[in-house]
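Enquirer: The structure that follows is given in the form of structure tokens.
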Amino acid sequence: MSSRYARPAAAVRALYRRLDRRITSFRRVSGLGCPPGCGECCLSPEVEATVLEMLPLALDLRRRGLVEPTLARLGPGGEPPRPCLFYSPAPLGAFGGHCSVYPWRPLLCRLFGFAAVAGPEGRPELAVCGRMRAALPDRTRAAAAAVLASRLRAPLMRDWSLAAYRLDPVLGANPLPINSALKQALERVGLEQGLRAQPAHGAR
């Protein structure tokens, strides 16, 4: 089924591919990496995304007939933010977990731990998570110093967020809690599917 959301979703996927190449290069040069099995950042209810960033996942769920089941799992909305619906924790008593929709994860999930933010004086500062800092103290210190001194270029969160916004200034404008962004994306593609499935007025 063709979709009015196919073009912006394709543009987002292309942006993700470019970003993934940048992050791969940064990881190779810096030697940084997530601790094996770690999914600590996924447990935060403060992870945000825009509706635009969630369109590729929403369209994939529609293709697999999973819009309604996923909306049911998300609930009616209005409750406090929760960790991402698609985070799969490790079995009870074990460490870690994983993202069950990893290829479709939004910008923040790709950037976290491997990107820089603008510091008080406007200089880039590496945003490294606590677990990575504890697991790789020497590498994180060296990478942070190199980024601050402009000897190592890390992806800038601001630049990639702006690049996504420019793809669609309406759908890419307002970051929401990740489950809320997914819910709105699913409602959009689900409504479109429902309208297309209805017979034309007067048809028998």
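Values quoted throughout were computed directly from the atomic coordinates according to the rules given, and no laboratory measurement underlies them. Predicted model, so just to flag it, every value in this text is computed and none were measured. We place every Cβ from the backbone using ideal geometry, glycine too, and count neighbours over all the protein chains shown.
Enquirer: For residues in region 60-93 being of a type in the set (A, V, I, L, M, F, W, C) and free of Cβ contacts under 8 Å to residues at least 40 places away in the same chain, which is nearest to I178 (Cα to Cα)?
Expert: Taking region 60-93 first, the residues of a type in the set (A, V, I, L, M, F, W, C) are 61, 66-67, 71-72, 74, 84-86, 90, 92.
Right, trim to free of Cβ contacts under 8 Å to residues at least 40 places away in the same chain and you get 66, 72, 86, 92.
Details: L66: 18, A72: 16, F86: 10, L92: 24 Å.
Among those that are of a type in the set (A, V, I, L, M, F, W, C) and free of Cβ contacts under 8 Å to residues at least 40 places away in the same chain, it is F86.
Enquirer: Of all the residues that make up region 2-59, how many are touching a residue at least 12 places away in the same chain (Cβ under 8 Å) and among the charged types (D, E, K, R)?
Expert: Selection size over region 2-59: 9.
Enquirer: Can A146 be described as touching a residue at least 12 places away in the same chain (Cβ under 8 Å), of a type in the set (G, A, S) and surrounded by 17 or more Cβ atoms within 10 Å (Cβ to Cβ)? Walk me through it before giving the result.
Expert: Working: touching a residue at least 12 places away in the same chain (Cβ under 8 Å): yes; of a type in the set (G, A, S): yes; surrounded by 17 or more Cβ atoms within 10 Å (Cβ to Cβ): no.
In short, no.
Enquirer: Does at least one position in region 62-72 carry a residue that is within 21 Å of P175 (Cβ to Cβ) and surrounded by 12 or more Cβ atoms within 10 Å (Cβ to Cβ)?
Expert: At the first step, the residues of region 62-72 found to be within 21 Å of P175 (Cβ to Cβ) are 70-71.
After this cut, where a residue has to be surrounded by 12 or more Cβ atoms within 10 Å (Cβ to Cβ) as well, the list is 70-71.
Looking for residues that are within 21 Å of P175 (Cβ to Cβ) and surrounded by 12 or more Cβ atoms within 10 Å (Cβ to Cβ), one finds at least one in region 62-72, hence yes.
Enquirer: Here's something else I'd like to know. Looking at region 2-28 only, could you name the residues that are of a type in the set (A, V, I, L, M) and more than 20 Å from G130 (Cα to Cα)? Walk me through how you get there before you give the answer.
Expert: Let us first name the residues in region 2-28 that are of a type in the set (A, V, I, L, M), namely 6, 9-12, 14-15, 19, 23.
Selection gives A6, A9, A10, A11, V12, A14, L15, L19.
Enquirer: To continue, here is another question. How about region 41-82: which of its residues are in contact with a Leu (Cβ under 7 Å, 6 or more places away or on another chain), of a type in the set (S, T, Y) and not in a helix (DSSP H, G or I)?
Expert: Once the filter is applied, which keeps residues that are in contact with a Leu (Cβ under 7 Å, 6 or more places away or on another chain), of a type in the set (S, T, Y) and not in a helix (DSSP H, G or I), region 41-82 yields only T50.
Enquirer: Now for a different question. Conditions: (1) touching a residue at least 60 places away in the same chain (Cβ under 8 Å); (2) closer than 30 Å to S3 by Cβ; (3) surrounded by 15 or more Cβ atoms within 10 Å (Cβ to Cβ); (4) of a type in the set (S, T, N, Q). T140 meets all but one. Number of the miss?
Expert: (2)
Enquirer: Could you please give the count of residues in region 1-30 that are over 17 Å from L167 (Cα atoms), polar (S, T, N, Q) and not in a helix (DSSP H, G or I)? Please lay out each step first, then the result.
Expert: Step one: filter region 1-30 for residues over 17 Å from L167 (Cα atoms), giving 1-2, 20-30.
Now narrow it down to the ones that are polar (S, T, N, Q): 2, 24-25, 30.
Add one more test, that the residue is not in a helix (DSSP H, G or I), and what stays is 2.
Result for region 1-30: 1.
Enquirer: Can you pull out every residue in region 146-195 that is over 15 Å from the mean Cα position of the chain (by Cα), more than 16 Å from A127 (Cβ to Cβ) and β-branched (V, I, T)?
Expert: If the condition is that a residue be over 15 Å from the mean Cα position of the chain (by Cα), more than 16 Å from A127 (Cβ to Cβ) and β-branched (V, I, T), then V170, V189 are the ones that fit.
Enquirer: Would you mention how many residues in region 84-93 are within 23 Å of Y16 (Cβ to Cβ), out of contact with any Ser or Thr (no Cβ under 7 Å at 6 or more places or on another chain) and part of a loop (DSSP other than H, G, I, E, B)?
Expert: Applying the first criterion (within 23 Å of Y16 (Cβ to Cβ)) to region 84-93 yields 84-88.
Subset that is out of contact with any Ser or Thr (no Cβ under 7 Å at 6 or more places or on another chain): 84-85, 87.
With the extra rule that they be part of a loop (DSSP other than H, G, I, E, B), the set shrinks to 84-85.
Of the residues in that region, 2 qualify.
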